[in-house]
Amino acid sequence: MKAGQAVRKVATPRRNSVFTSIDLDRDGKQIGYFNVPQSPHDDAWGSVQVPLAVVKNGEGPTVLIEAGNHGDEYEGPIALGELLREIDPADIRGRIIAIPAINVRAVEAGTRTSPVDGLNFNRSFPGDFNGTLTNQIAAYVNDCLFPIADYFLDLHSGGSSLMILPSAIIEPSPTPDGHRRNIRATLAFGAPTVVMVDNLGETRTSTAAANLQGLIVIGSEMAGGGLVSQDALAICRRGIRNVLKHAGVLQGEVEIPASANARVLKVPGAEGYIISDEDGVFEPITELGTVVNKGDIAGRIHFLRTPQREPLVLYHPIDGVVFAKRQPGRVRPGNCCFVLANEYPEALVEEEAGHER
Ligand SMILES: [Zn+2]
């Protein structure tokens, strides 16, 4: 346990039937599954197998790394799979627990949400062992993995509906000390941009749930659009190893290129979102990473069935940087077209304060 880290009480898991042959306390490398019993028509006593791996060498911190939270976000699962294949337990001190395709049915389908129950894994915490598959998987992570981890790295990309600036994401912690630790660890990831995102106060995400249990939490958003980006993949590979070095699990200095942490931003809240009120076709005009002023033209919504109607012009609601942009052309009322982030210099002050502790 790192100096300054709060002592966490390990809760007893809620009663459940999940089982695994992986021994999370044994030294060495094991790659297998945890099994979530289901009982469908064609498999009365079967299970859904969710990939689970552990790499352990003696005493030390535990870093839990999650990818495939959304099944159409690919850089995280690719980079985490590479790490698991490459790493030798002798290279580490402590433990890496990896869940590289956690929302496994969505990963198989290449969809954001689970095709089994339609749920978004990242709106399902703290989960429910008596609920549907997605609820059960979330409950296992919440009750059985978070309590034995010190760090939680959750790897995302924009997914099919968004393109996002490749970024390390600060999850705001409920405590000032936790917040400083999260900022330090997120800057250590070494992405070009760092953004604090609180998802409008959402408590059902895996990072919010990990924060509640006192873990040091780091997120990431790597490009998106349902694509695999070479640049984002390189950032993700380096970021995973950097977080492991920051935690003291991998030896060596954190590798921060000169271009990393160039912008430290935050999504200010609802005013940072441009939401469509109309049904039409979205034409984005500003590109990701563009610095914009309030009132600048962001994009247009076109009405193809009524050619006599002028397109609706969308304006940027605040001064800031274009952090996320809608990917599909088709847009309906309530769809998110842009997310803006603005400067967050306080993060660097907090990070300095964290060093002094
Ligand atoms: Zn995601």
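The values are calculated or read from the model by the stated rules, or taken from the named source; none is laboratory data. Predicted model only: the values in this text are computed from it and were never measured. Here the Cβ positions follow ideal geometry from the backbone for every residue, glycine too, while neighbour counts run over all protein chains shown. The accessibility values were calculated without ligands, DNA or RNA, using every heavy atom of the protein model including side chains. Shrake-Rupley method; radii C 1.70, N 1.55, O 1.52, S 1.80 Å.
Here are a few things to note about the model shown:
- For a label point 7 Å along the Cα-to-beta-carbon line of Glu287, residues of segment 231-261 with backbone N under 18 Å: 231-232
- Gaussian network model of the chain, Cα within-10 Å springs - most flexible of Val116, Val322, Val36: Val116
- Inter-label distance, Glu82 to Glu253: 2.3 nm, where each label sits 7 Å from its Cα along the C-beta direction.
- Here the accessible area is traced with a 1.4 Å probe on the protein chains. For the chain, carbon and sulfur cover 51 percent of it.
- Per residue value of the accessible surface for segment 225-357 (all protein chains in place, 1.4 Å probe), Å²: 53 Å²
- Taking trypsin sites (Lys or Arg not before Pro) across segment 291-323, the ones in a DSSP loop with at most 14 further Cβ atoms lying within 10 angstrom of their Cβ are Lys294, Arg305, Arg309.
- A 1.4 Å probe run over segment 5-147, with the rest of the protein chains in place, finds 44 Å² accessible per residue.
- Loop-located chymotrypsin sites (Phe, Trp or Tyr not before Pro) in segment 224-325 (DSSP state other than H, G, I, E, B) with a sparse environment of at most 13 neighbouring Cβ atoms within 10 Å are absent.
- Rounded to the nearest 5, the antiparallel percentage of DSSP beta bridges internal to the chain is 65%.
- Translational diffusion coefficient (Stokes-Einstein; Kirkwood radius from C-alpha pairs) of segment 159-305 at 25 °C, 0.890 mPa s, in µm²/s: 145 µm²/s
- Entry note, the chain: the mean residue ellipticity at 222 nm calculated from DSSP H runs of n ≥ 4, each adding -39500 (n - 2.57), is -6500 deg cm²/dmol after division by the residues and rounding to the nearest 500.
- Other residues whose C-beta falls under 15 angstrom from the C-beta of Val313 contribute a net charge of -2, scoring Lys and Arg +1 and Asp and Glu -1.
- Mean Kyte hydropathy of 0.0 or more with a Cα span along the axis of at least 15 Å, helices from DSSP in the chain: 75-86
- Column: log10 I(q)/I(0), Debye, Cα scatterers of the chain, q = 0.07, 0.14 Å⁻¹: -0.30, -1.15
- Cα→Cβ-extended label distance, 7 Å offset, between Ser47 and Asn120, nm: 3.0 nm
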